[in-house]
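Below you'll find the structure, written out as structure tokens, and then a few comments.
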2 protein chains.
Amino acid sequence: MTELVERAFEGDRRALARLLSLVESGGPLARQALVELFPHTGQAHIVGMTGAPGVGKSSLVSVLAKVYRQRGRKVGIIAVDPTSPFTGGAILGDRIRMQDLSGDPGVFIRSMATRGSLGGLAWATRDAIKVLDAAGYQLILVETVGAGQSEVDIAAAADTTVVVTVPGLGDDVQAIKAGILEIADVFAVNKADLPGADQVTAALRMMLNLGASRPHQVWHHRTRMDMPALGASRDEPGWTPSICKTVALRGDGVAELADAIEHHREYLAETGLRQVRERARIRADFLDLLRHELLDRLLERVASEQVESLIDRVMARELDPYTAAGMVLGEDVKREM
Amino acid sequence: MTELVERAFEGDRRALARLLSLVESGGPLARQALVELFPHTGQAHIVGMTGAPGVGKSSLVSVLAKVYRQRGRKVGIIAVDPTSPFTGGAILGDRIRMQDLSGDPGVFIRSMATRGSLGGLAWATRDAIKVLDAAGYQLILVETVGAGQSEVDIAAAADTTVVVTVPGLGDDVQAIKAGILEIADVFAVNKADLPGADQVTAALRMMLNLGASRPHQVWHHRTRMDMPALGASRDEPGWTPSICKTVALRGDGVAELADAIEHHREYLAETGLRQVRERARIRADFLDLLRHELLDRLLERVASEQVESLIDRVMARELDPYTAAGMVLGEDVKREM
């Protein structure tokens with residue numbers, strides 16, 4: 001076990017791939033590996049790239065990776081987007097375009113192929129980030145499909161969130177207004193050679209000026225302890241997202257995008273917000289871990305037939321789920337005494 | 001409390017709105033309300049409508065609601081999509097178009113305005129569905145932004161999932177291939193008066209034929225008990241999704257879409273899959289509830305300074321989160337003895 005982690009850290013790519021698979025699959029060995037590598041985490045700059053399908057996130061990720069390689073940084077790529085060429089989606093041409101990246105020992109690409117539910121994918125992504133971080137990848141690009149829940153989760157997992165858009169997406173400005181504005185640290189207007197790029201940029205700028213200070217994220221919380229730190233994590237006075245025009249396929253504007261990302265990284269470091277965000281992240285992970293651990297421990301003690309029979313009674317509306325939960329928990333307490 | 005539930009059930013719309021707000025905000029009163037209304041749930045047909053921003057989901061939802069009203073069904077609408085006119089996104093014209101719906105006492109519209117994290121939005125949506133179900137809304141349309149995690153979650157919460165697409169979305173067919181195919185029970189090709197509608201339809205049909213039996217959903221699970229029932233929930237031999245061409249703004253094809261949804265509802269009932277899906281849903285909810293309940297109970301016993309100081313030590317990499325969790329749990333066990 002320790003050997004696998006060691007070999008992954010020494011640059012053995014196969015060991016790293018196996019370590020990632022191990023960690024993603026969960027279980028006690030995954031746990032042990034994460035315990036071993038955890039002290040080495042916290043070094044990487046984690047950049048989330050989000051946006052609708054078709055805006056060219058993957059192309060941007062691969063060109064950005066090349067720019068960072070030229071600057072001497074090791075780059076990890078995690079594709080959570082099911083339409084990404086990294087994950088096997090998109091057209092063959094895209095996938096071929098990615099291949100020159102995969103020949104570079106300073107780049108490691110990981111596709112999150114499983115489509116998870118119940119936050120499973122979010123877990124797997126966060127753990128994969130930890131592995132690449134500990135293995136010495138200094139920049140970690142996480143590509144995810146935009147809009148909705150997933151991008152909020154990515155924003156929570158990333159130091160810097162880049163929202164990618166394109167001209168002519170129709171309602172995109174409205175879409176941005178509704179939700180994306182809150183999570184973007186940097187905007188990339190990709191395919192900026194298409195007509196309408198200036199309008200998108202102007203509209204974004206206008207909204208950013210209107211917003212002056214960005215609206216606070218309203219975190220929906222069920223557990224009293226989730227609230228304060230997370231609420232603070234996106235509360236950033238003084239940062240106005242930059243807007244970069246890019247043409248990923250030609251590489252135009254991508255160095256400037258890298259500069260904007262670096263600028264945000266410095267901002268986070270100087271203001272101490274990097275720590276605030278990291279603490280919120282560690283805290284949310286920790287509480288999540290406790291929840292799962294508690295349930296696992298409970299289910300080890302309670303007979304599974306008992307749980308299933310309670311579910312049957314809830315299904316038949318003889319019981320409500322809250323009372324049923326109370327019964328499992330009460331039962332559990334009784335057994336411990 | 002009971003009075004609020006009663007009044008909501010008697011058709012008092014204001015009481016219903018207050019009940020929904022109460023339930024979404026969580027806490028003991030919300031819990032009590034959910035306990036009271038739970039026996040009345042399980043009647044509604046829950047239809048998830050998902051797709052990229054700009055495909056016209058909201059228009060389709062409102063026309064579909066009208067069709068169902070003509071068929072004498074009470075309709076609840078839950079908009080989770082931040083770009084939906086129901087939630088305040090999109091352009092004024094859309095919102096005006098929705099207004100004739102809101103005058104109908106047989107329609108109730110609920111916007112999930114809070115943007116949650118940590119599954120908060122998923123919770124709130126599931127609870128809002130329960131409220132409308134118990135209050136006698138026979139069809140519940142849940143509008144959500146497509147692609148990524150959120151649509152998988154909606155598919156898990158819905159009886160029937162409608163994936164909405166439009167001609168000319170570029171990579172959309174690939175996007176569908178990668179992820180959406182697995183969750184769609186019915187396809188709507190909206191804006192079918194635009195060029196390319198036949199190509200999209202043909203491409204979908206081809207992929208459905210190729211797929212013959214749809215690929216099984218790979219559920220990423222961390223807790224051993226999450227797996228079996230959920231795995232079964234989307235395992236449906238014998239159902240081939242219908243493809244409906246619609247022009248929502250003119251109402252074209254929407255009655256046929258309603259027929260396709262009804263057809264799927266009958267299929268679920270006849271094959272017993274409705275129960276399979278419902279049980280998987282109740283089971284996942286129940287385990288989720290246990291997780292949160294367990295953490296709440298733990299945090300009542302453990303001093304919050306202790307938790308915060310452990311988080312500080314994790315942050316400083318003196319401790320890994322797993323060992324820290326073990327310390328809280330060990331501590332907890334000691335206190336109980």
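The values are calculated or read from the model by the stated rules, or taken from the named source; none is laboratory data. Source: prediction; values computed, not measured. Heads up, the Cβs are rebuilt from the backbone with ideal geometry, glycines too, and the neighbour counts pull from every protein chain shown. For the accessible areas, the whole protein counts, side chains as well, though only heavy atoms, and no ligand, DNA or RNA atoms are used. Shrake-Rupley method; radii C 1.70, N 1.55, O 1.52, S 1.80 Å.
Out of (1) at pLDDT 95 or above; (2) closer than 24 Å to A:Val247 by Cβ, what's the single condition that is false for A:Val55?
Evaluating A:Val55 over (1) at pLDDT 95 or above; (2) closer than 24 Å to A:Val247 by Cβ leaves (1) as the failure.
If I go through the range A:288-320 residue by residue, how many of them are facing chain B (nearest Cβ under 7 Å) and not in a helix (DSSP H, G or I)?
Of the residues in the range A:288-320, 2 are facing chain B (nearest Cβ under 7 Å) and not in a helix (DSSP H, G or I).
Name the residue, out of A:Glu6, A:Glu24, that is of a type in the set (Asp, Glu), at pLDDT 90 or above and open to solvent by 10 Å² or more (accessible area, probe 1.4 Å). Before the answer, list the steps.
Numbers: A:Glu24 fails: at pLDDT 90 or above.
Exactly one of A:Glu6, A:Glu24 is of a type in the set (Asp, Glu), at pLDDT 90 or above and open to solvent by 10 Å² or more (accessible area, probe 1.4 Å), namely A:Glu6.
Among the residues of the range A:236-253, are any assigned to a loop (DSSP other than H, G, I, E, B), open to solvent by 50 Å² or more (accessible area, probe 1.4 Å) and closer than 28 Å to B:Asp312 by Cβ? I'd like the intermediate steps shown before the answer.
Applying the first criterion (assigned to a loop (DSSP other than H, G, I, E, B)) to the range A:236-253 yields A:236-241, A:246, A:251, A:253.
With the extra rule that they be open to solvent by 50 Å² or more (accessible area, probe 1.4 Å), the set shrinks to A:237-238, A:240.
Next cut, closer than 28 Å to B:Asp312 by Cβ only: A:237-238.
Looking for residues that are assigned to a loop (DSSP other than H, G, I, E, B), open to solvent by 50 Å² or more (accessible area, probe 1.4 Å) and closer than 28 Å to B:Asp312 by Cβ, one finds at least one in the range A:236-253, hence yes.
Would you tally the residues in the range A:43-61 being of a type in the set (Gly, Ala, Ser) and part of a strand (DSSP E or B)?
Number satisfying all stated conditions: 2.
For every residue, the table says whether it meets (1) closer than 30 Å to A:Leu289 by Cβ; (2) within 13 Å of chain A (Cβ to nearest Cβ); (3) at pLDDT 65 or above; (4) not in a loop (DSSP other than H, G, I, E, B).
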| position | (1), (2), (3), (4) |
| --- | --- |
| B:Gln99 | no, no, yes, yes |
| B:Asp127 | yes, yes, yes, yes |
| B:Val164 | no, no, yes, yes |
| B:Gly170 | no, yes, no, no |
| B:Ile176 | no, yes, no, yes |
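Based on this model, can you work out whether A:Ser309 counts as among the hydroxyl-bearing types (Ser, Thr, Tyr) and either touching a residue at least 12 places away in the same chain (Cβ under 8 Å) or more than 29 Å from B:Val302 (Cα to Cα) (or both)? Write out each step before concluding.
Values: among the hydroxyl-bearing types (Ser, Thr, Tyr): yes; either touching a residue at least 12 places away in the same chain (Cβ under 8 Å) or more than 29 Å from B:Val302 (Cα to Cα) (or both): yes.
So A:Ser309 passes the test.
Every residue in the range B:101-125 that is in contact with a Phe, Trp or Tyr (Cβ under 7 Å, 6 or more places away or on another chain) and at pLDDT 80 or above, please.
B:Phe108, B:Ile109, B:Ser111
Residue by residue through the range A:278-287, note down the ones that are more than 7 Å from every other protein chain (Cβ to nearest Cβ) and either over 16 Å from A:Phe38 (Cα atoms) or among the polar types (S, T, N, Q) (or both). Can you show your working first?
Residues of the range A:278-287 that are more than 7 Å from every other protein chain (Cβ to nearest Cβ), as a first pass: A:280-281.
If the condition is that a residue be more than 7 Å from every other protein chain (Cβ to nearest Cβ) and either over 16 Å from A:Phe38 (Cα atoms) or among the polar types (S, T, N, Q) (or both), then A:Ala280 is the only one that fits.
Among residues belonging to the range A:41-61 that are open to solvent by 10 Å² or more (accessible area, probe 1.4 Å) and in contact with a Lys or Arg (Cβ under 8 Å, 6 or more places away or on another chain), point out the one that is farthest from the other protein chains (Cβ to nearest Cβ).
Checking each candidate, the answer is A:Ser59.
Could you please tell me which pairs satisfy a Cβ distance under 9 Å, a separation of 6+ or placement on different chains, a first residue in the range B:1-16 that is in a helix (DSSP H, G or I), and a second residue that is basic (Lys, Arg) and loosely packed, with under 13 Cβ neighbours inside 10 Å?
Listed pairs, sorted by first residue: B:Arg7/B:Arg14; B:Ala8/B:Arg14.
Does the range A:267-274 include one or more residues that are aromatic (Phe, Trp, Tyr) and in contact with a Ser or Thr (Cβ under 9 Å, 6 or more places away or on another chain)?
Within the range A:267-274, the subset aromatic (Phe, Trp, Tyr) is A:267.
Checking the rest, the ones that are also in contact with a Ser or Thr (Cβ under 9 Å, 6 or more places away or on another chain) come to none.
Within the range A:267-274 (the criterion being aromatic (Phe, Trp, Tyr) and in contact with a Ser or Thr (Cβ under 9 Å, 6 or more places away or on another chain)), the answer is no, since none of the residues qualifies.
Taking A:Gln275 and the conditions (1) under 34 Å from the mean Cα position of the chain (by Cα); (2) at the interface with another protein chain (Cβ under 7 Å from one of its Cβ atoms), which numbered condition does it fall short on, given that it satisfies the others?
Evaluating A:Gln275 over (1) under 34 Å from the mean Cα position of the chain (by Cα); (2) at the interface with another protein chain (Cβ under 7 Å from one of its Cβ atoms) leaves (2) as the failure.
With respect to B:Gly26, is the statement that it is within 14 Å of chain A (Cβ to nearest Cβ) and either within 29 Å of B:Asp252 (Cα to Cα) or of a type in the set (A, V, I, L, M) (or both) true?
Values: within 14 Å of chain A (Cβ to nearest Cβ): yes; either within 29 Å of B:Asp252 (Cα to Cα) or of a type in the set (A, V, I, L, M) (or both): no.
So B:Gly26 fails the test.
What residue, among those in the range B:272-325 that are open to solvent by less than 20 Å² (accessible area, probe 1.4 Å) and of a type in the set (Gly, Ala, Ser), is farthest from B:Gln43 (Cα to Cα)?
Among residues in the range B:272-325 that are open to solvent by less than 20 Å² (accessible area, probe 1.4 Å) and of a type in the set (Gly, Ala, Ser), the one farthest from B:Gln43 (Cα to Cα) is B:Ala324.
Which residue, of A:Ala155, A:Ala79, is modelled with pLDDT of 80 or more, open to solvent by less than 10 Å² (accessible area, probe 1.4 Å) and within 14 Å of chain B (Cβ to nearest Cβ)? Write out each step before concluding.
Values: A:Ala155 fails: modelled with pLDDT of 80 or more.
When all the criteria are applied, what remains is A:Ala79.
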